[in-house]
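Questions regarding the structure given below will be posed in turn.
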Amino acid sequence: MIEALNQLSGAGQTWLWAMFFVFLRVSAAMFMMPVFGESAVPQRVKLAVVIALSAIVMPSIEVQVPPFAGARSFMPLGAETIIGLSIGLALRLFIMAVQIAGTMAAQATSLSQFFGGAGAEPQPAISQIMMVSALALAAAGHLHVRIAELFIRSYSILPPGHFPDPADLSRWGLAQIAQSFTTAFMLAAPFMVAALIYNVAIGVINRAMPQLMVSFIGAPALTLGGLVLLMTAAPVALQFWANGLQTFLAAPFAGIP
């Protein structure tokens with residue numbers, strides 16, 4: 001019986017070490033992860049989600065976790081934290097793209113000051129609406145399942161306990177940042193084009209009829225047009241954003257050899 005207890009104790013220690021290894025990567029990513037990492041989510045809920053994700057991921061990669069090596073285990077633990085932060089930051093860039101697009105759209109349609117402090121971070125109304133809609137769309141698209149798959153897949157590209165190559169990681173990070181700004185400009189493109197057409201038309205009318213106070217007529221028209229454009233263009237733009245998020249979750253490390 002004592003021998004059986006010793007075997008169970010060793011197995012339990014190995015399981016706990018593997019669980020802790022996975023916990024570090026998942027918890028580091030959770031700080032910046034969309035939906036689950038938002039500041040409005042209570043810390044206890046975040047901790048419960050991290051533990052649940054770690055319990056889901058751990059059985060798939062338990063054999064890959066390096067054994068406990070005393071003080072020499074601190075370096076692998078640091079590597080797991082860096083990898084988790086990198087994954088979380090890459091996912092957070094998708095939310096930042098929506099926020100940038102909303103800010104650009106709000107500035108173009110003179111709606112940047114309405115309800116600016118409605119969220120935890122001061123955002124224009126359009127930015128806040130688009131961000132909340134994007135989070136809801138991501139959650140409705142089984143984000144929790146896709147994230148669990150992402151973490152399991154990440155161990156085949158970024159082995160546990162090994163620091164990623166700095167050159168590969170920097171190239172991958174720069175590609176994600178560039179893609180984030182590209183997505184932001186594409187989401188805000190209808191508002192920018194509409195604002196350009198509006199300003200050109202106002203300029204032509206002002207030149208043709210200098211005595212007409214075009215600003216008193218044009219400003220309400222711009223606000224109304226911005227709201228109508230938000231109602232018609234936002235669903236298509238957010239669906240485009242959701243497709244990009246799903247594509248990233250399916251192949252998150254496409255830029256890392």
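Give the residue, chosen from Val41, Val45, that is outside any loop (DSSP other than H, G, I, E, B) and surrounded by fewer than 20 Cβ atoms within 10 Å (Cβ to Cβ).
The match here is Val45.
Can we say Leu169 is out of contact with any Leu (no Cβ under 8 Å at 6 or more places or on another chain) and either of a type outside the set (Gly, Ala, Ser) or without any contact (Cβ under 8 Å) to a residue 60 or more places away in the chain (or both)?
yes
Next question. Among the numbered criteria (1) surrounded by 10 or more Cβ atoms within 10 Å (Cβ to Cβ); (2) assigned to a helix (DSSP H, G or I); (3) modelled with pLDDT under 80, which one does Ala55 miss?
Ala55 satisfies all of (1) surrounded by 10 or more Cβ atoms within 10 Å (Cβ to Cβ); (2) assigned to a helix (DSSP H, G or I); (3) modelled with pLDDT under 80 except (3).
Here's something else I'd like to know. From the list Ser112, Ser180, Ser127, Ser156, which residue is at pLDDT below 85, assigned to a helix (DSSP H, G or I), hydroxyl-bearing (Ser, Thr, Tyr) and crowded, with 18+ Cβ neighbours inside 10 Å?
Being at pLDDT below 85, assigned to a helix (DSSP H, G or I), hydroxyl-bearing (Ser, Thr, Tyr) and crowded, with 18+ Cβ neighbours inside 10 Å holds for just one of Ser112, Ser180, Ser127, Ser156, which is Ser127.
Residue pairs, Cβ under 7 Å, 6 or more apart or interchain, first in segment 223-236 and surrounded by 14 or more Cβ atoms within 10 Å (Cβ to Cβ), second among the basic types (Lys, Arg) and in a helix (DSSP H, G or I). List them.
none
May I ask you to list the residues in segment 62-90 that are modelled with pLDDT under 85, over 13 Å from Leu24 (Cα atoms) and aliphatic (A, V, I, L, M)?
Within segment 62-90, Val63, Ala69, Ala71 qualify.
The values are calculated or read from the model by the stated rules, or taken from the named source; none is laboratory data. Just so it is clear, the structure is predicted and the values come from calculations on it, not from any experiment. Note that we place each Cβ from the backbone using ideal geometry, even for glycine, and neighbour counts take in every protein chain shown.
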